[in-house]
Amino acid sequence: MKIKNVVVIGSGTMGSGIAAQLCNANIPVTLLDLKTEISEKAKKRIFESKPPLLIDKSKINNIRIGNIDENFEIVKKADWIVEAVVERIDVKHKIYEKILKNRKKESIISSNTSTIPLKVLSSKMSMQDKKDFCITHFFNPVRYMGLLEIVSETNNDINKINFLKDFCENSLGKGVIICKDTPGFLGNRVGVYALQVAMTEAIKMKLSIEEADAIFGRPMGIPKTGVFGLYDLIGIDLMLDVLKSFKKELPKSDSFHLVAQEIPFIKEMVNRGFTGRKGKGGFYRMNRTGGGPKVLEALSYNLTKYFPAEKIDLSIDDKIDIKKLVSRNDKYGKYAWSVISKIILYASSLIPNVTKDYNNIDEAMRLGFNWTKGPFEMLEELGVKFFVEKDNQLKTNEFIKKLYDKKNNNFYGKRQIYTNLETLGKVKQLAKINKDNKSAIIYEHKDYKIVEFNTKANTLDYDSMDALKKASDKNMIIINEGMQFSAGVNLNYVMDFAKEKNWKAIEKFIHHFQMTCKQLKYSNNVVVSAPSGLALGGGFEVLVQSDYVVAHANIVTGLVETLVGLIPAGGGTTNMLWRWMQTQEAKKDPDFAPQKVFDIIGYGKTANSPIEAMPFKFLLEKDKNIMNRNKLLSVSQDLINEKKDGYKPPKKPTFKLSGSQVRGKMFQTLEKLFKEKKILEHGMEVGKKLAFVLSGGNTTINKELSEDDMYALELEVFVQLIQMEKTQARIKHTLSTGKPLVN
């Protein structure tokens, strides 16, 4: 069996997202809804979506549209029919009746429901039809969330279920976990419980909204939105509907009911239209007063007033240390323990009735909620003995009791058992580990080394570079399990020196960065970078000086330093210039490449996928584009094995640039932008400094510049810019707001 044509019925958020991901995989898909114009609007939304649902806008041509009344015959040709209509069983049953009359016998039918049990959905189907029907629960946004739960029953055709799992893993890039038909399956069962515990405990302990989100966030390895921020993002009214469904489906004995009780002030919020980001605001809102800039405000529990959101200082470093967090002797430690202990107890109570594989719960939380650690990994980090003995009020369950009685602290076993691929998570359990470095970990595995950054957003500092240098004595793969490959140089690290006016320290660090990247580029070993998520600024400079890049389909890459008043100085400017100098246009016109790179870096252009990265030359034809993140390591291994014998580092480039001639052209562009008020005074200054580097400084077309000459120009200009007050103002603004400052 092959899946060559898919029909998605229902063009709402989830149906559109599923259709878009099928487009990304080059699978022809037809999107049907009640009326054709509804499908047309959905297609337009997909095309214009931000963040983009398509890895390349031309993929939209893989979608055909239609309506259920006039175009339903297309179902006859479909290998897979996905139902993603409103969560009403009567509507779904009518759709199934129509599908079963029209579909071809070997086709697969699935529902994207997150709340209705499979046995209810299939209650009116024949035993034969039930074999081909399952739930495929995608997470939103479909392109970016790795988890897909396939829910099946004993009467399913197991061969078809396994076939669908393989297809969704290999073609759609999903981490596919097969679940039992239980309420909430795995991800939502634990994830929604965790949100409710975090919220109810915060209210009970009288923590502010900001305090709760500061704890139930990065310190726990959970996205920084926290609990109240995530409620706003999902929609407070939608979350109330989800809770109603759980209360209806779960037995009264389930402890979920303890945290799912109606909270009066939240119901009042919804009644008044405060439903989160889609409404008038939620627990947070952006507000502008007196014509000033927008300010993030947080709501008080009594609903009387929004206040400017308080930045909570927990006085902890960026490392996730669960044991240290729950051991704090203050309200934050007590809150963290109360929440984490309840999540662990609830998750472990689901073994074995909901799943016998507790590590699949962890992976569901990683893939579906972007947690760094699942509840059982948290338990292993804390230690079973510590967990049980910390609190004499703790009522343990059978799973925890058995571990405690056996004194089994190392209970975890293998990771990522849902996939047969050799992943970084699996290799880390086997490899020799060097944890001496504060900012990166080196793993030795087989005949190569792996470097994994482990700072906040994997930003780069002196220690990150040291790790790369030390690992370059063997073939190397640079890869991370975190959400981001690297968001660039650690600006806080740089600003600490700037506050002390220690320009020499900054110069030393940037030079070290340059020399490290050069060592990667010219070592006698193969270096492969395998990015997922952000690979920006300094993170991209690591990529551009690796031999090969194995890029996940969801990378965001580019050089964005000008947005904070700097230029790329870790070799990014030089290497992008060299790439563009290899083009036919550059061979005819020596000013073509500098002007092209001036445009790319000056505007801080980024690409949202490997396909978008190619026209910018952020990636080259030799690099790889991977849909499934779990394949990054194995494809990188294959590249090393293929290229290591007889490997030779690249030849060092030389540059012939026209100096003031091309710089004058760049200045004309800047003056036009300044006149149109697209840039202001400091934008003009940064642009001139970038032009100075890309033009080769005080050179002429007859003079030959080495790569080291270009690196020296990068370094000189970077140090000049970091000393400027307006650059420092840009950096401070970006660090505090996450947005660029135009000055």
Q.
Can you go through K94, K98, K77 and tell me which one is farther than 15 Å from D33 by Cα and not polar (S, T, N, Q)?
A. K77
Q: Search the stretch 676-693 for residues that are in contact (Cβ under 8 Å) with a residue 40 or more places away in the chain and crowded, with 19+ Cβ neighbours inside 10 Å and pair each with any residue that is in a helix (DSSP H, G or I) and hydroxyl-bearing (S, T, Y) when their beta-carbon atoms are under 6 Å apart and the residues are at least 6 apart or on different chains.
A: V686/T562; V693/T573
Q: Could you please give the count of residues in the stretch 346-374 that are in a helix (DSSP H, G or I), farther than 22 Å from R629 by Cβ and among the hydrophobic types (A, V, I, L, M, F, W, C)?
A: 1
Q.
Between a residue in the stretch 597-615 that is modelled with pLDDT of 95 or more and any residue that is of a type in the set (F, W, Y), which pairs come within a Cβ distance under 7 Å, given they are 6 or more apart or on different chains?
A. V597/W580; I600/F616; K605/F616; A607/F616; A607/F618
Q: Give the stretch 573-586 a look and list any residue that's of a type outside the set (V, I, T) and in contact (Cβ under 8 Å) with a residue 60 or more places away in the chain, or say none.
A: L577, W578, M581
**Q.** Single residue of the stretch 298-327 satisfying the filter (more than 29 Å from R189 (Cβ to Cβ) and either of a type in the set (F, W, Y) or modelled with pLDDT of 95 or more (or both)) that is surrounded by the most Cβ atoms within 10 Å (Cβ to Cβ)
**A.** Y306
Q) Conditions: (1) under 30 Å from E380 (Cβ atoms); (2) out of contact with any helix residue (DSSP H, G or I) (no Cβ under 8 Å at 6 or more places or on another chain). K294 meets all but one. Number of the miss? A) (1)
Q: Within the stretch 651-672, track down each residue that is closer than 26 Å to M515 by Cα and in contact with a helix residue (DSSP H, G or I) (Cβ under 7 Å, 6 or more places away or on another chain).
A: K652, P653, F655, L657
Q) Identify, please: which residue in the stretch 110-168 is farther than 21 Å from F246 by Cβ and basic (K, R) and is, among those, surrounded by the fewest Cβ atoms within 10 Å (Cβ to Cβ)? A) K124
Q. Which of the residues that make up the stretch 345-357 are surrounded by fewer than 24 Cβ atoms within 10 Å (Cβ to Cβ) and either in contact with a helix residue (DSSP H, G or I) (Cβ under 9 Å, 6 or more places away or on another chain) or in contact (Cβ under 8 Å) with a residue 12 or more places away in the chain (or both)?
A. L345, Y346, S348, S349, L350, I351, P352, N353, V354, T355, D357
Q) Inside the stretch 406-508, counting only helices (runs of 4 or more DSSP H) that do not spill past its ends, which hold 2 or more residues that are under 24 Å from V526 (Cα atoms), of a type outside the set (D, E, K, R) and in contact (Cβ under 8 Å) with a residue 12 or more places away in the chain? A) 424-430, 462-471
Q | Test: residue in the stretch 524-531 that is polar (S, T, N, Q), more than 21 Å from K624 (Cα to Cα) and either without any contact (Cβ under 8 Å) to a residue 12 or more places away in the chain or in the same structural domain as A498 (by TED's automatic domain parsing) (or both) | A | yes
Q: Mind listing whichever residues of the stretch 166-208 are among the basic types (K, R) and out of contact with any Ser or Thr (no Cβ under 9 Å at 6 or more places or on another chain)?
A: K174, K206
Q: Kindly establish whether L577 is modelled with pLDDT of 95 or more and either in a helix (DSSP H, G or I) or surrounded by fewer than 24 Cβ atoms within 10 Å (Cβ to Cβ) (or both).
A: yes
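For the structure I just gave you, tell me whether I343 is assigned to a loop (DSSP other than H, G, I, E, B), among the hydrophobic types (A, V, I, L, M, F, W, C) and assigned by TED's automatic domain parsing to the domain that holds L207.
Judged against the criteria, I343 is not a match.
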Q | Every residue from the stretch 85-133 that is in contact with a strand residue (DSSP E or B) (Cβ under 9 Å, 6 or more places away or on another chain) and acidic (D, E) | A | D129, D132
(Q) Given the criterion within 29 Å of R415 (Cβ to Cβ) and among the aromatic types (F, W, Y), identify the matching residue among F513, F485. (A) F485
Q.
Report every pair of residues separated by at least 6 positions or lying on different chains whose Cβ atoms are under 6 Å apart, first residue within the stretch 255-276 and touching a residue at least 12 places away in the same chain (Cβ under 8 Å) and among the acidic types (D, E), second surrounded by fewer than 16 Cβ atoms within 10 Å (Cβ to Cβ) and part of a helix (DSSP H, G or I).
A. none
(Q) Within the stretch 441-460, does at least one residue satisfy the condition of being buried (at least 24 other Cβ atoms within 10 Å of the Cβ), small (G, A, S) and under 21 Å from the mean Cα position of the chain (by Cα)? (A) no
Q) Which of the residues belonging to the stretch 478-518 are within 29 Å of the chain's Cα centre (by Cα) and of a type in the set (S, T, N, Q)? A) N480, Q484, S486, N490, N492, Q514, T516
Q: Only one of these is surrounded by fewer than 23 Cβ atoms within 10 Å (Cβ to Cβ), touching a residue at least 24 places away in the same chain (Cβ under 8 Å) and either in the same structural domain as P610 (by TED's automatic domain parsing) or small (G, A, S) (or both): S58, S49. Name it.
A: S49
Q: Could you list, in sequence order, all residues of the stretch 360-370 that are buried (at least 22 other Cβ atoms within 10 Å of the Cβ) and hydrophobic (A, V, I, L, M, F, W, C)?
A: I361, A364, M365, L367
Q | Boolean, I322 is touching a Phe, Trp or Tyr at 6+ places or on another chain (Cβ under 7 Å) and under 30 Å from Y418 (Cβ atoms) | A | no
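Wholly within the stretch 1-111, which helices (runs of 4 or more DSSP H) include no fewer than the required count, namely at least 2 residues that are among the small types (G, A, S), within 26 Å of K174 (Cα to Cα) and out of contact with any Asp or Glu (no Cβ under 8 Å at 6 or more places or on another chain)?
Of the helices (runs of 4 or more DSSP H) lying wholly inside the stretch 1-111, those with at least 2 residues that are among the small types (G, A, S), within 26 Å of K174 (Cα to Cα) and out of contact with any Asp or Glu (no Cβ under 8 Å at 6 or more places or on another chain) span 13-24.
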Q: Kindly indicate the residue of the stretch 383-416 that is exposed (fewer than 14 other Cβ atoms within 10 Å of the Cβ) and under 26 Å from L147 (Cβ atoms) and also farthest from the chain's Cα centre (by Cα) among those meeting that condition.
A: G413
Q) within 28 Å of E249 (Cα to Cα) and of a type in the set (V, I, T): does that describe I68? A) no
(Q) So, K643, is that one surrounded by 14 or more Cβ atoms within 10 Å (Cβ to Cβ), basic (K, R) and under 30 Å from I626 (Cα atoms) or not? (A) yes
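The values are calculated or read from the model by the stated rules, or taken from the named source; none is laboratory data. Because the structure is a prediction, the values reported are computed rather than measured. Neighbour counts run over all protein chains shown; Cβ positions are idealised from the backbone, glycine included.
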